[in-house]
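For reference, the structure discussed in these notes is given below.
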Amino acid sequence: MDTRYVGIAELADVPSVAVVIDVMRAFTVAAWAFARGAERIVLAESLDEALALKTRHPDWVAIKDGPPAPGFDTVNSPGMLRSMDLRGRTVVQKTTAGTVGALAVKDASLVLCAAFAVAEATARLLRSRACDTVTFVVTGEGGRAEEDLACAQYIALRAAEGTPAAAADQAAPFLRRAAASRAAEELATGVREGVHPDDVPLCLELDRFPFAMVASWDAGVMTLRAGEVPGAGAGDV
């Protein structure tokens, strides 16, 4: 499998297969939303669009980065989301990097959104599709976010043919890189707003869930859905 790692601004063409990475915190949050029962996640292009969707669909759950704001139900924090009951609900998510990255590759034939929480399932899906070339979109810090790059490289390793089965042993150096990242420090020290004390540990949980998250253009919006992948491990929710 040929791989390339690019920032959002470096996407000069439409990739065939794109894996969009946002570990801290968009796609860890998305994974938790599905684990809490969400049916789908609509990735909004702007805060205004997210609020407009919420206005048209009051039963939808709207999420944004940063501190709480009028019109939004919660913030982009896995620690806060994990206590919510989202069974059968549609979630609208707008973040600084993750949702932007997914929308930037909306015309790709396959778009996956990922974090460490769904790494193995994502890798297995790539392997099952026999993807020859995969573009990993490193969304944070203009493509330089260490936690996103580490996650992307780990998924690529797991997706490669003949990769050994000891995922936890392989993951250790990648998780250490993520734990030492600028994003982890900013979350842990309160530089970023809308943070739960458990956010960093939750973002560093490996293979918590057995599903991969596939995004597609559906009725004028980018929609993320979860699908279980046979053989992918998961912890207890």
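The values are calculated or read from the model by the stated rules, or taken from the named source; none is laboratory data. All values derive from a computational prediction rather than experimental measurement. Cβ placement follows ideal geometry from the backbone for every residue including glycine, while neighbour counts extend to all protein chains displayed.
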Check your understanding: Do we find a residue being in a loop (DSSP other than H, G, I, E, B), touching a residue at least 60 places away in the same chain (Cβ under 8 Å) and of a type in the set (Ser, Thr, Tyr) anywhere in the range 154-163?
Key -> no
Review point. What are the residues in the range 103-141 that are closer than 23 Å to SER77 by Cβ and not hydrophobic (A, V, I, L, M, F, W, C), if any?
Key: THR122, THR139, GLY140, GLU141
Practice item. Could you please find all residues in the range 15-43 being charged (D, E, K, R) and over 13 Å from the mean Cα position of the chain (by Cα)? Key: ARG36, GLU39, ARG40
Exercise for review: Can you work out which of the residues in the range 65-90 that are touching a residue at least 60 places away in the same chain (Cβ under 8 Å) and not in a loop (DSSP other than H, G, I, E, B) is farthest from TYR5 (Cα to Cα)?
Suggested key: MET80
**Study point:** Candidate set: the range 221-230, residues that are out of contact with any helix residue (DSSP H, G or I) (no Cβ under 6 Å at 6 or more places or on another chain) and at pLDDT below 90; chosen: the one surrounded by the fewest Cβ atoms within 10 Å (Cβ to Cβ)
**Key:** PRO230
Point to revise | Yes/no for ARG144 being basic (Lys, Arg) and either at pLDDT below 95 or in contact with a His (Cβ under 7 Å, 6 or more places away or on another chain) (or both) | key: no
Check your understanding: Taking the range 33-50 only, how many residues are in contact with a Phe, Trp or Tyr (Cβ under 8 Å, 6 or more places away or on another chain) and in a helix (DSSP H, G or I)?
Key -> 3
Practice item. Scan the range 67-83 for residues that are touching a strand residue (DSSP E or B) at 6+ places or on another chain (Cβ under 7 Å) and either among the charged types (D, E, K, R) or surrounded by 15 or more Cβ atoms within 10 Å (Cβ to Cβ) (or both) and jot them down. Key: PHE72, ASP73, THR74, VAL75, ASN76, MET80, LEU81
Practice item. Provide a single number: the residues in the range 114-128 that are surrounded by fewer than 24 Cβ atoms within 10 Å (Cβ to Cβ) and either among the hydroxyl-bearing types (Ser, Thr, Tyr) or closer than 20 Å to LEU175 by Cβ (or both). Key: 2
Study note, to complete from the structure: Contact list, first residue from the range 129-150 and polar (S, T, N, Q) and surrounded by fewer than 22 Cβ atoms within 10 Å (Cβ to Cβ), second anywhere and at pLDDT below 95 and not in a loop (DSSP other than H, G, I, E, B), beta-carbon distance below 6 Å, six or more apart or interchain, is THR133/ASP2
Exercise for review: Answer yes if at least one residue in the range 110-127 is touching a residue at least 24 places away in the same chain (Cβ under 8 Å), in a loop (DSSP other than H, G, I, E, B) and closer than 22 Å to ALA184 by Cβ, and no otherwise.
Suggested key: yes
Exercise for review: Taking the residues in the range 1-60 that are buried (at least 17 other Cβ atoms within 10 Å of the Cβ) and among the polar types (S, T, N, Q) as candidates, determine which candidate is farthest from LEU110 (Cα to Cα).
Suggested key: THR28
Practice item. Among the residues of the range 19-32, write down those that are in a loop (DSSP other than H, G, I, E, B) and of a type in the set (A, V, I, L, M). Key: VAL23, MET24
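Per-residue answers, yes or no, for (1) outside any helix (DSSP H, G or I); (2) touching a His at 6+ places or on another chain (Cβ under 8 Å); (3) at positive phi:
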site	(1), (2), (3)
ALA183	no, no, no
ARG192	yes, no, no
VAL200	no, no, no
ASP207	yes, no, yes
ALA215	yes, no, no
GLY231	yes, no, yes
